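These notes concern the structure reproduced below.
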Amino acid sequence: MSEALLQLSRASQLHPVCFNLPDLQMIGRPVARGGFADIWKGLVRGQTVCVKAMILFQRSDRRTVEQNIGHEAIIWRQLSHPNLLPFFGLYYQDERLCLVSPWMSSGNIREFLNSAPPYTDRVSLMLDIALGLEYLHRNGVVHGDLKGLNVLITPSRRACLADFGLSSISDAMTVQFADSDDENTSVGGTARYMAPELFSEPTRHFGSDVYAFACTCYEILTGKAPFYEIHHDMGVAMKVVRGERPSRPDTILPDDNLWLLIQDCWAQNSANRPSLTQVIQRLLSPAIGARETQSSTDWDDTFSAKFRRSLRDFPLLPSVTEIKQKLFCDGMCSAGWQSIPNISPLVENPTQMVQTTILDNIEKESINRLNIPRVSFT
């Protein structure tokens, strides 16, 4: 079903209307700027939300970015995991399309650890990240821009991933952006977390996510980005391509086995990097001893849908009249609808509209009468 929705969105260049959120109020000024978006705090009927407003320096960017955001929003909506940030919907602010998600008051993992007590279990936070990343990979999704700034802390002090898949939006921009700190954005990713192969062939994959995971673990241990001592991305890129990696933080690293895992994850050859399933097994092993967070659930599979439904009532199925209007022009509706084979029983029982044979009849008749191009879902 999700693949059909994705292909339909691509063909129509539209996104589901149920994603659009009404009555959203932006609060104050942007609280942060990322590589391709301003981050605002917002309110939706008393609920505090995070609003990521896309930056468009050229008007020609708008259509391309909207198409990419609609595509990524459909993917995001289909995913639900304790270590993934939920998706609430879309909103337009002065013609800028915004992605809306829950507001995480504890901020990103770097901010959280800067003020966290020294006994904070950093290794279990790494496990949280690995669990979320493994879920993405299991569902065929590459994160593409994993780093500390894109790992948020939930109310139960669990790490969750944000901005997964959105690197394609950055790729679509006609202007390259730079972050406000020492991490510059390049090729839809962040150079200090990019695997060596991405500097020559910028197609992100599961293995490049594993490399970025190792870099993020280094950041969790040290509080600093990889190669923090080098000011320019070009210098970082040259070191990474030559096979150099950040040096071991001996005064902070709790265990030799953890450092060995990090080294394996940022191996020069992507084929030598472990899968996320293997990473999780090693983190949970007695040698490292990471513990999965056993606190109350921050959200469940119905969290996002319940939020959107609380804003307005969505009918489970469109009415017969609405489907008529979508398929036929006004002059053909009355005669055209009644003459479609096997349609008349639907007027008395509209819930049967989801049956495959009926949908086939509607599609065939509409294609014949209106010369509508057929959309292939294979």
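The values are calculated or read from the model by the stated rules, or taken from the named source; none is laboratory data. Just so it is clear, the model here is predicted, and its values are computed rather than measured. Here the Cβ is made from the backbone with ideal geometry for all residues, glycine too, and neighbour counts use every protein chain on show.
Considering only residues that are modelled with pLDDT of 95 or more and exposed (fewer than 12 other Cβ atoms within 10 Å of the Cβ), look in the range 227-276 and name the one that is nearest to Glu201 (Cα to Cα).
Asn269
Which one of Ser80, Ser105 is in contact (Cβ under 8 Å) with a residue 40 or more places away in the chain, within 18 Å of Glu292 (Cβ to Cβ) and assigned to a loop (DSSP other than H, G, I, E, B)?
Sole residue among the options that is in contact (Cβ under 8 Å) with a residue 40 or more places away in the chain, within 18 Å of Glu292 (Cβ to Cβ) and assigned to a loop (DSSP other than H, G, I, E, B): Ser80.
Exactly one condition in (1) touching a residue at least 12 places away in the same chain (Cβ under 8 Å); (2) assigned to a helix (DSSP H, G or I); (3) of a type in the set (S, T, N, Q) is false for Gln268; which is it?
It fails just one condition, (2).
If you take the residues of the range 199-217 that are more than 19 Å from the chain's Cα centre (by Cα) and at pLDDT 95 or above, which of them is nearest to Cys160 (Cα to Cα)?
Only one residue tops the list, namely Cys217.
Take the range 190-211 and flag every residue that is under 16 Å from Tyr228 (Cβ atoms) and hydrophobic (A, V, I, L, M, F, W, C).
If the condition is that a residue be under 16 Å from Tyr228 (Cβ atoms) and hydrophobic (A, V, I, L, M, F, W, C), then Ala191, Met194 are the ones that fit.
Among (1) part of a helix (DSSP H, G or I); (2) surrounded by fewer than 15 Cβ atoms within 10 Å (Cβ to Cβ), there is one condition Arg291 misses while meeting the rest; what is its number?
Of the numbered conditions (1) part of a helix (DSSP H, G or I); (2) surrounded by fewer than 15 Cβ atoms within 10 Å (Cβ to Cβ), the odd one out for Arg291 is (1).
Can you tell me which residue is surrounded by the fewest Cβ atoms within 10 Å (Cβ to Cβ) among those in the range 86-131 that are over 14 Å from Arg158 (Cβ atoms) and in contact with a Cys (Cβ under 6 Å, 6 or more places away or on another chain)?
Trp103
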